[in-house]
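Below is one structure; the comments refer to it alone.
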Amino acid sequence: MSHVVSSEKKIGIDAIRFYTPSFAIDLHTIASQRGIDPNKFHVGLGQHCMSVMPPDEDIVTMAAHAALPLIDEQNKRDIHLVLFATESGVDQSKAAGLWVHHLLGLSSSCRVVELKQACYSATCALQLAISYLHMHPTEKVLLLASDNARYGLNTPGEPTQGCGAVAIILSVSPRLVAIEPHQGVVADHVMDFWRPNYLNEAVVDGKYSTKVYLNTLLKCWEEYSRQSGHGFSEHARFCYHIPFTRMAEKAHERLSRSASSQTCATALHSQIEPGLLYSKQLGNAYTASLYIGCASLLENELEDLSEKRIGFFSYGSGCVGEFFSGVVQRGYQKALFREEHQSLLTSRAKLSYEQYKDFFTYQLPEDGGDHTTPVHSAVRFRLLGCRNHERLYQ
Ligand code: COA
């Protein structure tokens, strides 16, 4: 996919807003329950806390909450394409984006679809949106990425769970990041992580998945740098897919070595650290995590990033990887939601181990009866329950 088609129009990310539920568990609590040294999670994985999905929320309500602050009357008129990326789908047929489209009152003149390829599909959605905007430059695209990362209680993946959604408005003349035209893309048939339809938790070969992630990064980088002519030093900052923040640090160290960069360890650290702050507290949000990382970078970096290039690496097990880049736009600071995002993370209620276990093991009944979910969340959109196999939202 090359975006050099019709003009020199800048197209890219006009706004990013994320949402995570108002419940979290401190990884200290999990460590003491499992009899594990908490430093394994804090230092070894780079994680401190993870958001937990209550029974009355799901990928639909999270995405609706993420998008709501971005949807004014103008955007309702301009959005005619909604792309919903997820690997926690709630229906085999209906796109989750249609519930969000309804909850937000978007225009009926709208294409709405769901995309799946593990944690990668939001990046495919972003590139499709850019191609679409070349054809429809007066419109905007709403990209939603929403996931509940579940590995299971007392598994190696447990401390890398989390949940959250991101809503991105893509447009011509974006206020935040103009996406550049070159990408390095790699697809390969690999069984490192998957989830059959009948399982609620992923099947994962965790160690193998980290190796495939790193190998795919190097292949994607090689193709991206060949096409674009951009070297490592021409990127001011880097954002990686963040299954856990230590993974992104390892990826950055490995890329720097492979690109024979002379950047010292401290400078390497500062190229990615502001982008990891939100994920350390929220955990993995699969499709959303790269873009929560992008918001974290733009909102927490002290230096002015205007006109600086960011390198992005997206990875979805199975696997597809993509390296691409974007240039931060002048005045981007005015279009951020720093206070809102930080207060979302700091105001979450901390769960005890038993409360976390109850939330984790709750399942919406599957018998077709009339069921009401227990009320936990004091939020605008809730999963009320189900009736006759239909999910009901407030
Ligand atoms: N203090 C500090 N660090 C410690 C420690 C302690 N007390 N105990 C262990 N560690 C370190 C280990 O040395 C290791 O670091 P390293 O990877 O740099 O060698 C790290 O903590 C993790 O320990 P490890 O024993 O390898 O963890 P694990 O086997 O329990 O699980 C994953 C790690 C990533 C495999 C597991 O969390 C997982 O399956 N996650 C889901 C899959 C995933 O996220 N894949 C990523 C690609 S998409």
When residues of segment 271-313 are filtered for being assigned to a helix (DSSP H, G or I) and on the phi > 0 side of the Ramachandran plot, how many remain? 1
By residue number, the members of segment 159-191 that are within 12 Å of the ligand (Cβ to nearest atom) and surrounded by fewer than 20 Cβ atoms within 10 Å (Cβ to Cβ) are Val190
Would it be correct to say that Ala167 is more than 23 Å from Thr61 (Cβ to Cβ) and either touching a residue at least 12 places away in the same chain (Cβ under 8 Å) or outside any loop (DSSP other than H, G, I, E, B) (or both)? no
Among (1) in contact with an Asp or Glu (Cβ under 9 Å, 6 or more places away or on another chain); (2) of a type in the set (A, V, I, L, M, F, W, C); (3) within 18 Å of Gly318 (Cβ to Cβ), Ala165 falls short only on (3)
What are the residues in segment 316-329 that are surrounded by fewer than 23 Cβ atoms within 10 Å (Cβ to Cβ) and of a type in the set (A, V, I, L, M), if any? Val320, Val327
Considering residues of segment 114-157 that are hydrophobic (A, V, I, L, M, F, W, C) and in a loop (DSSP other than H, G, I, E, B) only, the residue surrounded by the most Cβ atoms within 10 Å (Cβ to Cβ): Ala118
List pairs: first in segment 24-44 and within 23 Å of Asp358 (Cβ to Cβ) and within 8 Å of the ligand (Cβ to nearest atom), second at pLDDT 95 or above and among the basic types (Lys, Arg), Cβ under 6 Å, 6+ apart or cross-chain? none
Output the number of the condition that Ala265 fails; it satisfies all remaining conditions of (1) away from the ligand (no atom under 16 Å from the Cβ); (2) more than 22 Å from the chain's Cα centre (by Cα). (1)
Hey, among the residues in segment 192-205 that are exposed (fewer than 15 other Cβ atoms within 10 Å of the Cβ) and touching a residue at least 24 places away in the same chain (Cβ under 8 Å), which one's farthest from the ligand (Cβ to nearest atom)? Asn197
Quick one: which of Phe337, Phe232, Phe313 is in contact (Cβ under 8 Å) with a residue 12 or more places away in the chain and surrounded by 22 or more Cβ atoms within 10 Å (Cβ to Cβ)? Phe313
Go through (1) within 16 Å of the ligand (Cβ to nearest atom); (2) in contact with a strand residue (DSSP E or B) (Cβ under 6 Å, 6 or more places away or on another chain); (3) not hydroxyl-bearing (Ser, Thr, Tyr) and name the single condition Gly318 misses. (2)
Take the residues in segment 12-23 that are part of a strand (DSSP E or B) and surrounded by fewer than 24 Cβ atoms within 10 Å (Cβ to Cβ), then tell me which one is nearest to the chain's Cα centre (by Cα). Arg17
Determine which member of the set Met53, Met62 is in contact (Cβ under 8 Å) with a residue 12 or more places away in the chain, more than 16 Å from the ligand (Cβ to nearest atom), buried (at least 24 other Cβ atoms within 10 Å of the Cβ) and assigned to a helix (DSSP H, G or I). Met62
Starting from residues that are part of a loop (DSSP other than H, G, I, E, B) and closer than 13 Å to His235 by Cβ, keep the ones in segment 252-270 and report whichever is modelled with the highest pLDDT. Ala259
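The values are calculated or read from the model by the stated rules, or taken from the named source; none is laboratory data. If you're wondering where the values come from, they're calculated on a predicted model, not measured in any experiment. Using ideal geometry, Cβ is built from the backbone for each residue, glycine included, and neighbour counts are taken over all protein chains shown.
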